[in-house]
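Report on the following structure.
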Amino acid sequence: MADVTTPTTPGQRPATAPAGGKASASHEFDSAKTRTQGQIVLGRFLRHRLAMTSLGVLVLLVLFAFVGPLIWTFSYEDSSSGSYLPPSGDHPLGTTEVGKDMLALLMRGTQYSIEIALVVALLATLIGVVLGALAGYLRGFVDATVMRLVDLLLILPYIAVAAIIIRTVSGSWYMVALVLAMFHWMQIARITRAETLSLAQREFVEAARACGAGTWRIIFKHLVPNMIGSITVNATLTVATAVLAEAGLSFIGLGVQLPDTSLGVIVSENYPQVVQRPWLFWGPFLVIVLISLTINFIGDGLRDAFDPRQTKVRA
Amino acid sequence: MIRYIIRRLLIAIPILLVGTFLSFVLVASLGDPLAELRSKPGVTEADVQALAQSLQLDRPIVARYWSWLTNFVQGDWGTSVALGSARADVYSVVTDALVVTAQLVIFAQVLALVLGVAVGVLAAVRQYSIFDYTATSLAFLAFSMPVFCVAIILKSYGIEFNNLLTSVGADRWLTTAGPPTGGFSGGFGEVVFKYTGTFLLPTLSLMLISFAAYSRFQRASMLETLHSDYVRTARAKGLSQGRVIFRHAFRNALIPVVTLAALNIGQVFTGAIMTEQVFGWNGMGSVLVNAVRQYDPNMLMGWLVVVAISVVVFNLVADVLYAYLDPRIRLG
């Protein structure tokens, strides 16, 4: 293995360096490498031990959910096993009342929960960033309208509205994701607006405007790259919030409906067994907690990594 | 201050109006509330028509909204149309449920606030100590647990605990069915016993997540004030450590947390719905779940408006508290 980690031989350097007396000067520049913002942040994040461990666990969970079903012997549809079998070599988490393998169900539920959470986070971030930046940049009427919309959505209890919409339209996983996204963009919009308000006063925005850049170009080329830190952190934390929100909604029976499933649905179907057959409850419970916990830690690591005041990282 | 409160309430009115109108349209699109009634044997078309007329299902939606609104502000919140509800009065059902839920929410919030602030301050004063690390890990863990799962765990092991009590000949203590409608009876000791037995587990499960948020927030805000100039000045004057922490740092560090607690009320309400579902309480949670399942439009509207108004009021409380606690902020 030693040869794999061997650094590039110094002999290769002069080949790329310009010929002549300037070679040694360029060598000095090379040793104090200039790093882009992205490289600095990535470097800090990679050194954040807790965040990296969490990322590892999360990757394992994603593999469990998406690759697991391809390998595992039982399918989530297969209800041929006996009812309520205790954990064994065949069924590490036992079977449910109708004789389905719990591990197979858990893989499928995790898959749906992760998909829902990702859709919610992406959509909520997109809506929040666009509306927040527009409000902060254009101000006036647009600002007032967007902020009143935020106020409106914050006073409507999302759980009731989500339940009504899902009951009316359908309880498929993407519908649940769409409805949850509708109620999770406000925080991001507020943060983006606040940052835009201060960034929009800076010279570089004025310069861009003087060069004739339009509103969208200024927002996406000049403003968004400057607040990528808080956007990324909040998008990450929204994933964790969405996992919990979806589980809660499905738990009270107003979220994802069969044939789609989720971790919330699995818990709600099996929780009466928690004392007699704890494995049916603790499996899905642990997966929910692990997803949400690891994402919260990753978000924390990202926050530290993006913080310009941070010089060294404490894990 | 009075002028500010009045102005804020006036701003809230149009938002509430738009909110209720959108909810009304949403609720109206939920489906036919009389479908179940129609399919029932022995119900004549005339009965259905009479009920449809009384619900004004034949009129355009704006007219229906207007008549709902005028009745609503006069205190007539309509009746339930769900089968088996005996046309219950929405106002009394929702307010009864609100009282049950409010008790749970208030207990949990007060407990979470007191514990969260205490733990947060201690963790900040002893930053990077074992206590700090433990509190941080526990907060992250609590933050990542769904409320209903905590409730399920507490409930099932609470029942086990009861069985243990009865097996040694004692009375059952923890109850999981919610407070009795008639209040608690018996001597003082007995009432306290029953009251704590009823509220302990639901309150614990609901407070956990708020506690986690408050302790984290309090820690951050306390650290910020501890590093501020005026605290350094206070130390330089030679004040004792306790006086610096409590008189100078703590009082200022409290401001953001109090505000957060008032703003958090919507989320806590959602948590209360889950908790009630697990423990089988007849609070706002079961009213919502039943109303959605049975297409009960008046009940849903009553529910939505009560929750929306509570959120508006608590947001206002947050702003007023903020101005009251922090003299640098002047509301006008």
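The table below gives the values:
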read-out	value
Subset tally (residues that are surrounded by fewer than 23 Cβ atoms within 10 Å (Cβ to Cβ) and farther than 24 Å from A:Gly109 by Cβ) for region A:157-185	2
Residue check, A:Trp216 farther than 30 Å from A:Tyr137 by Cα and either open to solvent by 10 Å² or more (accessible area, probe 1.4 Å) or in contact with a Phe, Trp or Tyr (Cβ under 7 Å, 6 or more places away or on another chain) (or both)	no
Selected residue [over 23 Å from the mean Cα position of the chain (by Cα) and either more than 12 Å from chain B (Cβ to nearest Cβ) or at pLDDT 85 or above (or both)] from A:Leu286, A:Leu254, A:Leu244, A:Leu258	A:Leu258
Close pairs from region B:279-290: first in contact (Cβ under 8 Å) with a residue 24 or more places away in the chain and within 12 Å of chain A (Cβ to nearest Cβ), partner open to solvent by 10 Å² or more (accessible area, probe 1.4 Å) and in a helix (DSSP H, G or I), Cβ under 6 Å, at least 6 apart	B:Gly285/B:Gln277
Scope region B:293-332; condition at pLDDT below 85, within 21 Å of B:Arg64 (Cβ to Cβ) and open to solvent by less than 10 Å² (accessible area, probe 1.4 Å); matching residues	B:Asp296
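One line per residue, one yes/no per condition, for (1) at pLDDT 80 or above; (2) surrounded by fewer than 20 Cβ atoms within 10 Å (Cβ to Cβ); (3) in contact with a His (Cβ under 6 Å, 6 or more places away or on another chain):
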position	(1), (2), (3)
B:Val90	yes, no, no
B:Val100	yes, no, no
B:Val110	yes, yes, no
B:Val117	yes, no, no
B:Thr136	yes, yes, no
B:Leu141	yes, yes, no
B:Ala151	yes, no, no
B:Glu160	no, yes, no
B:Gly169	no, yes, no
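For (1) in a loop (DSSP other than H, G, I, E, B); (2) surrounded by 17 or more Cβ atoms within 10 Å (Cβ to Cβ); (3) at pLDDT 70 or above; (4) at positive phi, each residue gets a yes or a no:
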position	(1), (2), (3), (4)
B:Ile5	no, no, yes, no
B:Leu9	no, no, yes, no
B:Ile13	no, no, yes, no
B:Phe24	no, yes, yes, no
B:Leu37	no, no, no, no
B:Gly42	yes, no, no, yes
B:Asp58	yes, no, no, no
B:Arg64	no, yes, yes, no
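Here is a yes/no grid of residues against (1) in contact (Cβ under 8 Å) with a residue 24 or more places away in the chain; (2) open to solvent by 60 Å² or more (accessible area, probe 1.4 Å); (3) out of contact with any strand residue (DSSP E or B) (no Cβ under 7 Å at 6 or more places or on another chain); (4) within 14 Å of another protein chain (Cβ to nearest Cβ):
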residue	(1), (2), (3), (4)
A:Val59	no, yes, yes, no
A:Phe64	yes, no, yes, no
A:His91	no, no, no, no
A:Asp101	yes, no, no, no
A:Ile114	yes, no, yes, no
A:Ala117	yes, no, yes, yes
A:Tyr137	yes, no, yes, no
A:Val142	no, no, yes, no
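The values are calculated or read from the model by the stated rules, or taken from the named source; none is laboratory data. Source: prediction; values computed, not measured. Positions of Cβ are generated from backbone atoms using ideal geometry, with glycine treated the same way; all protein chains shown enter the neighbour counts. Accessible surface is based on the protein model in full, side chains and every heavy atom, while ligands, DNA and RNA are left aside. Shrake-Rupley method; radii C 1.70, N 1.55, O 1.52, S 1.80 Å.
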